[in-house]
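The values are calculated or read from the model by the stated rules, or taken from the named source; none is laboratory data. Quick caveat, the model's predicted, so the values are computed rather than measured. In this analysis, Cβ positions are derived from the backbone assuming ideal geometry, glycine residues included, and neighbour counts consider all displayed protein chains. For accessibility, only protein heavy atoms count, side chains too; no ligands or nucleic acids. Shrake-Rupley method; radii C 1.70, N 1.55, O 1.52, S 1.80 Å.
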Amino acid sequence: MRRYLPAVAALLGILGFVFAYSGAVMSGSFASAAAEPAATAYWRRIAIWYEVAAAAFLIVAVAGAGVLARRALRWLGAPAIAAVLVSACGAPRQEKAAKDVAGEKAEVASPAAAPSAVPAPAVSSEPRGSPASRVDTTLFGSVRMVLEDTTLTLSDGRSRTTTSLLEHVNSSDDFRHTLLDAQRSGDGWIYLLIRTTGLSRADGGSGYCAAGEETDLVWAAVDPALRVARAQSALISSCLRTRDPLDDSIELRGEPWSITSYIPGDSLRTVSFDRRHPERGMRVTTVPDTARP
């Protein structure tokens, strides 16, 4: 029965307004007639009855409207009413605020605002990369590595260390670096393998090896505090010391990775690195070159 109450109230309200209007009209007519000298007490009673009926139906109509309004408030609820008021009074300001928020999100998501992050070459199956005068990359999602000239800087938001690799580099100027491999062990150690190429002579000129280059492989073991605990280097190509790669390439090949160079004295020098055990560093072996006459 309660679910039909709104419909009943609406019907009574409509009937109340109709009868109130018609009763008021008829009451006015009979009141005019009762005011005549010939009007009888009968017409006076009819006029009073219509006035009372009009008032009664008007009360019923107001009550029905109140019931409908109360039920409407329950259906809509306070959030819906607040939304209607805000949309009616404050829509332009809210729209502007929404645009401002969208702009802030777009700025945060913009690649230009984000720090540079290049995936660590450890995921690559081949030790290849484009040399750069400055390497700025993020390793393992938290460690930032910056290699510029012969300075290696590591940071993770809590710690920051700077290490000079000058003693492990044979070139003199115009350094170009390639991060070949980066791995992290379960106990937090990081192992890096870097290839560095630069000019044989910083002043250049027209003398011996004026346009020559030196290339080194540098291995570094970094402890959990981001300090370079151990470092190792191997010269794989050199104008000054006459190191010529066997296949005229400075790329590491095979598994384990290796590169073989000619050295004076009719010997071959092989530098190898096993990615399955990066903590072992590089292995250097020298054997006679039996292929040469």
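Search the stretch 279-293 for residues being part of a loop (DSSP other than H, G, I, E, B) and modelled with pLDDT under 95, and hand back the single one that is nearest to the chain's Cα centre (by Cα).
Initially, the stretch 279-293 is screened for residues part of a loop (DSSP other than H, G, I, E, B), giving 281, 289-293.
From what is left, the residues that are modelled with pLDDT under 95 are 289-293.
Details: Asp289: 55, Thr290: 58, Ala291: 57, Arg292: 58, Pro293: 62 Å.
Once the filter is applied, the top-ranked residue is Asp289.
Does any residue of the stretch 230-248 turn out to be of a type in the set (A, V, I, L, M, F, W, C), open to solvent by less than 60 Å² (accessible area, probe 1.4 Å) and in contact with a helix residue (DSSP H, G or I) (Cβ under 6 Å, 6 or more places away or on another chain)? It would help to see each step written out before you state the result.
Our first condition is that a residue be of a type in the set (A, V, I, L, M, F, W, C); within the stretch 230-248, this holds for 231, 234-236, 239-240, 246.
Now drop any that are not open to solvent by less than 60 Å² (accessible area, probe 1.4 Å), which leaves 231, 234-236, 239.
Right, trim to in contact with a helix residue (DSSP H, G or I) (Cβ under 6 Å, 6 or more places away or on another chain) and you get 231.
Yes: the stretch 230-248 contains one or more residues that are of a type in the set (A, V, I, L, M, F, W, C), open to solvent by less than 60 Å² (accessible area, probe 1.4 Å) and in contact with a helix residue (DSSP H, G or I) (Cβ under 6 Å, 6 or more places away or on another chain).
Could you grab me the full set of residues in the stretch 200-239 that are modelled with pLDDT under 90, hydrophobic (A, V, I, L, M, F, W, C) and more than 44 Å from the chain's Cα centre (by Cα)?
As a first pass, look at the stretch 200-239 and keep what is modelled with pLDDT under 90: 201-211.
Retained after the next criterion (residues that are hydrophobic (A, V, I, L, M, F, W, C)): 202, 209-211.
If the condition is that a residue be modelled with pLDDT under 90, hydrophobic (A, V, I, L, M, F, W, C) and more than 44 Å from the chain's Cα centre (by Cα), then Cys209, Ala210, Ala211 are the ones that fit.
Would you be able to tell me the number of residues in the stretch 134-166 that are open to solvent by 20 Å² or more (accessible area, probe 1.4 Å), touching a residue at least 40 places away in the same chain (Cβ under 8 Å), not polar (S, T, N, Q) and not in a strand (DSSP E or B)?
Counting residues in the stretch 134-166 that are open to solvent by 20 Å² or more (accessible area, probe 1.4 Å), touching a residue at least 40 places away in the same chain (Cβ under 8 Å), not polar (S, T, N, Q) and not in a strand (DSSP E or B) gives 2.
When you look at Ala231, is it under 20 Å from Leu166 (Cβ atoms) and in contact with an Asp or Glu (Cβ under 8 Å, 6 or more places away or on another chain), yes or no?
no
Within the stretch 198-211, is even one residue assigned to a strand (DSSP E or B) and surrounded by fewer than 18 Cβ atoms within 10 Å (Cβ to Cβ)?
In the first step, residues of the stretch 198-211 are kept if they are assigned to a strand (DSSP E or B); the result is 198-199.
So of that shortlist, the ones also surrounded by fewer than 18 Cβ atoms within 10 Å (Cβ to Cβ) come out as none.
No, every residue in the stretch 198-211 fails to be assigned to a strand (DSSP E or B) and surrounded by fewer than 18 Cβ atoms within 10 Å (Cβ to Cβ).
Please go through the stretch 264-293 and give me each residue that is open to solvent by less than 80 Å² (accessible area, probe 1.4 Å) and of a type in the set (A, V, I, L, M, F, W, C), ordered by number.
Hits for the stretch 264-293 are Leu268, Val271, Phe273, Met282, Val284, Val287.
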